[in-house]
Amino acid sequence: MTMHTSATSALAQDLAAHTGRFTDKTFDWNAFPSNAGFDDLARAQMRYIGAGGSPKVGDTSTLKPDHFTVSLIHKEPGKYAACHSHEIEESFLIIDGVLVVGWEKDGEVVEVKLGAKDMILNAREIGHGFRNDGVTPVLMSISVDVGKPLPPVYHYHPKEHPAELARSFGAAPGKTLPFDRNGSHPLQKLMSQYVVRHNELPTVWEKAGFTRKVYVGEGGIQHDTCRKEMLGIPSGVGIKPIVRDVEDAYLVLEGSLVVGWEENGEIVETELGLRDLVKTPAGRKHWFRNNSAAPATVWSVIGSSEADGIVYEAA
């Protein structure tokens, strides 16, 4: 096998083309035209894979989507996103700050507060919005479980509804309920199936020496779109090459990670820093390794709900 140390081979260039560097990107404050003219709706998007809910599908700096999109959203204190729905699931993974997410049905709303590493999988066709009631900005990763989602359908936008009603996601005074896994309201019961608390998830120790917390997939939320996991990779730990029949993506949340590809005996690697991402296409042999002294935390999205039978082996 040949290790290439410069980005001259076709494989090395392909790996570079499938890598999204945080420092090479900028946050787009005009990603959502429906927010124009409404300062309370301001938010910024950084696109990695696809456009997510933004209509900016022609952005050449983002990776082509297959089964999912990945982007970062920055939300300042006091700002909110109007209640809307999608034809497909959309997950919010909180990276920094505390976010209030509301689900609406028939004028009633259930609100949940999510902290760092918590996630909600917003159900299809359910009205949802979010709001930053804290004093620090919220940074979250949004993943829509289809490559090219349809435009969102707005339910309570301030363009058509009073600002206070829009800010409460469509709930009149007295019509907002707190999130409660044991609550009796149908919307509480529904939301309880889609909220993931990081500290409540079991930690799965792989024999290869790293951990997985399954957010969506076997052991987490059971669903028919994509699998989503949080990986904890200690210093010095790596895995032997794996191959999936769908694409996967690694987004570094803490530390750093080396990702390698192999094709026809050629090996290339790249190191991901904080908030860098690599998308590996279906059928490509790949692996990861933590070369740093500190542990790495990595968000993983896999383009299928089906278990692939992969057994991780220590490198």
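The values are calculated or read from the model by the stated rules, or taken from the named source; none is laboratory data. Since the model is a prediction, treat every value here as computed from it, not as a measurement. Ideal geometry is used to build each Cβ from the backbone, glycine not excepted, and the neighbour counts take in all protein chains shown.
Before moving on, here are some points about what is shown:
- Residue list for the stretch 11-69, filter: touching a Phe, Trp or Tyr at 6+ places or on another chain (Cβ under 8 Å) and on the phi > 0 side of the Ramachandran plot: G50
- Among the residues of this structure, D14 does not count as one that is within 20 Å of W299 (Cα to Cα) and not assigned by TED's automatic domain parsing to the domain that holds Y194.
- Reported count of residues in the stretch 200-218, each being free of Cβ contacts under 8 Å to residues at least 40 places away in the same chain, of a type outside the set (A, V, I, L, M, F, W, C) and surrounded by fewer than 15 Cβ atoms within 10 Å (Cβ to Cβ), is 3.
- So G174, is it touching a Lys or Arg at 6+ places or on another chain (Cβ under 7 Å), surrounded by fewer than 18 Cβ atoms within 10 Å (Cβ to Cβ) and more than 30 Å from P65 (Cβ to Cβ): no
- Top-ranked residue of the stretch 8-36 - restricted to ones that are touching a residue at least 60 places away in the same chain (Cβ under 8 Å) and in contact with a Pro (Cβ under 9 Å, 6 or more places away or on another chain), ranked as nearest to A82 (Cα to Cα): S34
- Residue count, the stretch 259-285 (criterion: under 21 Å from the mean Cα position of the chain (by Cα), assigned to a strand (DSSP E or B) and within 17 Å of A10 (Cα to Cα)): 4
- Checked against (1) of a type outside the set (A, V, I, L, M); (2) touching a Phe, Trp or Tyr at 6+ places or on another chain (Cβ under 8 Å); (3) farther than 24 Å from I94 by Cβ, N291 meets all criteria but (2).
- Among the residues making up the stretch 219-246, those that are crowded, with 17+ Cβ neighbours inside 10 Å and farther than 20 Å from M119 by Cβ are V237, G238, I239, I242, R244, V246.
- Unique residue being under 24 Å from H86 (Cβ atoms), of a type outside the set (F, W, Y) and modelled with pLDDT of 95 or more when the list is V144, V135, V112: V112
- All positions within the stretch 173-195 that are under 14 Å from V101 (Cβ atoms) and touching a residue at least 60 places away in the same chain (Cβ under 8 Å): T176, L177, P178, F179, L187, Q188, L190, M191, Y194, V195
- Single match in A31, A42, A16 (criterion: of a type in the set (A, V, I, L, M) and farther than 16 Å from L139 by Cα): A16
- Filtering the stretch 126-172 to residues that are in a loop (DSSP other than H, G, I, E, B), without any contact (Cβ under 8 Å) to a residue 40 or more places away in the chain and acidic (D, E) leaves only E160.
- Filter pass, V109 being outside the structural domain of Q222 (by TED's automatic domain parsing), of a type in the set (V, I, T) and over 24 Å from E254 (Cβ atoms): yes
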